[in-house]
1. If I histogram all Cα-Cα distances within the chain using bins 20 Å wide from 0, what percent of pairs lands in each bin?
2. Under a cut-off of 20 Å between alpha-carbon atoms, report the lysines in cross-link reach of Lys268, not counting same-chain residues fewer than 8 places apart.
3. Would you mind checking which residues have amide H under 5 Å from Ala25's amide H? H placed 1.01 Å from N; only 5 or more apart, or other chain.
4. Can you tell me the dipole magnitude for the stretch 282-370 around its Cα centre, using point charges on the Cβ only (Lys, Arg +1; Asp, Glu -1), in Debye to the nearest 20?
5. From the phi of every residue in the stretch 145-158, what ³J(HN,Hα) in whole Hz does the Karplus formula 6.51 cos²θ - 1.76 cosθ + 1.60 yield, where θ is phi - 60° and glycine or proline is x?
6. Rounded to whole Hz and in sequence order, give me ³J(HN,Hα) for the stretch 265-276 from the Karplus expression 6.51 cos²θ - 1.76 cosθ + 1.60, θ = phi - 60°, writing x for Gly and Pro.
7. Taking a cut-off of 18 Å between Cα atoms, list the lysines near Lys101, but don't count ones fewer than 8 places away on the same chain.
8. Which shape class, rounded, prolate or oblate, goes with the stretch 225-290 when its Cα gyration tensor gives a ≥ b ≥ c as root eigenvalues, a/c under 1.5 marks rounded, and past that a/b bigger than b/c marks prolate?
Amino acid sequence: MQLNRIVLKNYRNYDNQSLDLPAGAAILAGENAQGKTNLLEAVFLLTGSRSWRAARRGDLVSFGRDRARIEADVFSRGRDFHMELDLPQTGRMQAAVNGIKQKRQGDLAEIFRCVLFSPEDLYLIREGPAARRRFLDAALCQLRPRYGVALAEYAKLLEHKSKILKMQEENPSMLSALPEFTARMNQYGAAVIRYRAFYARRLAEEAAKIQQAVSGCGERLEIQYRTVSAVEDPEASERQIFEWLTEHAKSHERAELQSRQCLTGPHKDDLEITVNGAAARGFASQGQTRTAALALKFAEREILKDDCGEYPVMLLDDVLSELDPRRQEYLIQQTQGGQVIITCCEREGRLRQLDAASFLVENGAVRPEN
Ligand code: ATP
Ligand code: MG
């Protein structure tokens, strides 16, 4: 998978910028607040996923403009694609591939995929369960667009049901709709759980190999998917999971009314991560948790490669300077198998050894350095 060119118009702090990228590594260097992360964010949007940092889509449009555009030439699955994203200040994003409008944003991930690794990901292991769910969801939405659909439906239902529970005194007539909401949540929830369970198993296999290689001392990384306790086997059929969820929901009905909250469901899921048998969140050293974060991200890349036969584009946002030489070395070696775009404040240390095209990012403009 290869991003050959990207063009940004009225996007964040870019007026009109075209950038040709090489097949291997590209380094984007520049001072703070010049537009390095903005550019990686634009590349990431080509996967059809939402930005990891924009609260609203309209935030992506340059101040004072009413729409942004991103265009890209991509080589994927042995063919060339021209991708166009039209991002209005308000309203839906429109996407077209080779001039044909795409109905679902998930379709973009069939053509272009990438893995983003940014400094916040280094805290993936230490953070609460929500950070790990975000990681799972982002990875799965690219891998399986149907997952994104089920997840979005589940999230919508959860929001409605939570409102009904919260407003039960002010709006008691809504309570009669609760069983219907619960049933539909269980239906989409069963799909979400099953996808997550399969993904977590693949992730565990790949990440364990990487942890062992990077740690240099055979550290054992284990990942277990944790979901609703009544789900005896999260890889069972959707029908079976739905039945377990339904039973479980019945036993929680009263507690949910009393607490005015949705108490159970995959919105509480987590990945339990251990290093050498001890819970990483509480016991692993700083170095071990960083290695584990790196292992998760590179496992995500391997899984995408297994799925479509080519490596996704790797986006490394300011992450190298946060890592020690051993982990930097691993990261640089690994990424040589595919295209990688690296941002940094200055090209230093190990980055000098990398055979890469260099670009300077300055005030919303990118130009080649060599
Ligand atoms: P750092 O090294 O600090 O991470 P960076 O080069 O990655 O810096 P970016 O996050 O890419 O910086 O760019 C930040 C700049 O983009 C800020 O100056 C911000 O004001 C500007 N910016 C963000 N959104 C918009 C927008 N919608 N319109 C115009 N400018 C924007
Ligand atoms: Mg940045």
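The values are calculated or read from the model by the stated rules, or taken from the named source; none is laboratory data. None of the values given here were measured: they were computed from a predicted structure. Note that we place each Cβ from the backbone using ideal geometry, even for glycine, and neighbour counts take in every protein chain shown. Heavy atoms of the whole protein, side chains included, go into the accessibility calculation; ligands, DNA and RNA do not. Shrake-Rupley method; radii C 1.70, N 1.55, O 1.52, S 1.80 Å.
1. Reading upward from the zero bin: 27, 54, 18, 0.
2. Lys156, Lys161, Lys163, Lys166, Lys250
3. The list, which skips near neighbours in sequence, is Val340, Ala357.
4. Details: 10 positive and 15 negative charges, 41 e Å.
Using only the charged Cβ atoms, the result is roughly 200 debye.
5. x, 5, 4, x, 5, 4, 5, 5, 5, 4, 4, 5, 5, 4
6. Coupling constants for the stretch 265-276: x, x, 6, 10, 4, 8, 10, 8, 10, 10, 10, 6 Hz.
7. Filter leaves no residues.
8. Working: a/c = 3.90, a/b = 1.81, b/c = 2.15.
Cα axes put the stretch 225-290 in the oblate bin.
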